[in-house]
Amino acid sequence: MLTRLLFYCILCRSSFKTIPYAEQCEGIAMNEIPRNLQSQVESWLFQKKIITIFGARQVGKTTLSKAILARHGNSKDYFNCDIPSIVSRFENPEPVLLKRLIGDAGIIVIDEAQKVNNIGLTLKILHDELPEVQIIATGSSSFTLRNSVSEPLTGRGIEFLLLPFSLEELKTLYRPHELDALLPFFMRFGLYPDVVQKDEESARILIDNLSSKYLYRDILEFEQLKKPELLFNLLQLLAFQIGHEVSRNELANTLGTSRETIERYLDLLEKSFVIFRLKPLARNQRNEITRKEKIYFYDIGVRNALISSFHPIDLRQDTGQVFENFMIAERLKYLSYHGLIRNTWFWRTHDQKEIDYIEEYDGKFYAYEIKWKKGKIKQSTVGAFNNNYPETTFSLITSENYFTFTE
């Protein structure tokens, strides 16, 4: 199967030229679009908790943190840890020096905090010595920043995840019928802030640039990879398997590496907010698939860039899989930004009965079949699932009613 997918990868690299459709919204800049996460973050301000905002590069962490700082503090109290002189000041945890650096600030932002060695210790001292100061730290990789702060900040912090724009957030910029018209564009180029309002040519250049230069930098730096091509080859294989169960052993065999290496890279990609996993729902039923998982991309534009596949929706062979990835990612954004806690899975049996996405909460199951065009959920699938999980609610999500799932 993977050999056929790699062959298809070569075929997909042909370019398709279409008329761009990305309406510009006069009077609203991208950095003025409110992020749904902002209200959640602000509800925790000045409660003597260090707030950490995680997210991939270029998703808007700096813009969000500066917006919060502008509302509740002073813009001068923003510290950019991409600047070596700023890093060196925070790497000296001497309380007197830290107090001098912070001054009379009531709230500060430490951006890209993972660049600071021993940042966890520095944040702990700041919290203990200046408990009245609200600290917001941002980081583009949870495996560096979270590893640094988890032990020192036990009981002292709270974490949030910022992702690319959601369709719900873009209702500030577009009317509902405009979002409907732009859905195919977003399914091709994704929802990174720099991409959303661009024409097709600019959007392709930007998402290609993000995918090749920025998104994996933290992994490459953290692992000091001698053969980064293994990472990119793995990502390409994953890009062709969205919507399908993934076998780590098959990935390892195809790439000529170990299963342990594949697992390590998947973990790093997940902690860099490039991919997320959906596990199978299986509760000791013999006919249920229990081991393989599905792997999706947080941003479908990144996935398409990895295989140079930006051709129009009506010319694609993978439209169904793209729509499935896009919708599930949007659903996870919705749940996260609204503080909704759900168990999430897919379901499949050995005799090929399958449900794309399932949520469980309040003791009930909610099953969703996701199809680009109209269709129906097979009654045999409904019956088989109900036999194991009674009183399940079933819904069909299509391009005509997607907003009921994402807004």
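The values are calculated or read from the model by the stated rules, or taken from the named source; none is laboratory data. Source: prediction; values computed, not measured. Cβ placement follows ideal geometry from the backbone for every residue including glycine, while neighbour counts extend to all protein chains displayed.
Conditions (1) among the polar types (S, T, N, Q); (2) closer than 15 Å to Glu359 by Cα; (3) in a strand (DSSP E or B), marked per residue:
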residue: Arg277; (1), (2), (3): no, yes, yes
residue: Asp314; (1), (2), (3): no, no, no
residue: Ala329; (1), (2), (3): no, yes, no
residue: Ser336; (1), (2), (3): yes, yes, no
residue: Gly339; (1), (2), (3): no, yes, no
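Being at pLDDT below 95, under 30 Å from Asp194 (Cα atoms), charged (D, E, K, R) and outside any strand (DSSP E or B) is true of Arg57.
Considering the conditions (1) touching a helix residue (DSSP H, G or I) at 6+ places or on another chain (Cβ under 6 Å); (2) over 19 Å from Ser202 (Cβ atoms); (3) part of a loop (DSSP other than H, G, I, E, B), Phe310 is excluded by exactly one of them, (2).
Within region 389-401, is there a residue that is in contact with a Ser or Thr (Cβ under 7 Å, 6 or more places away or on another chain) and assigned by TED's automatic domain parsing to the domain that holds Leu281? Checking region 389-401: not a single residue is in contact with a Ser or Thr (Cβ under 7 Å, 6 or more places away or on another chain) and assigned by TED's automatic domain parsing to the domain that holds Leu281. Evaluated against (1) at pLDDT below 95; (2) of a type in the set (D, E, K, R); (3) under 30 Å from Thr406 (Cβ atoms), Glu42 falls short on exactly one condition, (1).
Against the definition (at pLDDT 95 or above, of a type outside the set (Val, Ile, Thr) and crowded, with 16+ Cβ neighbours inside 10 Å), how does Ser395 come out, yes or no? Criteria not met by Ser395.
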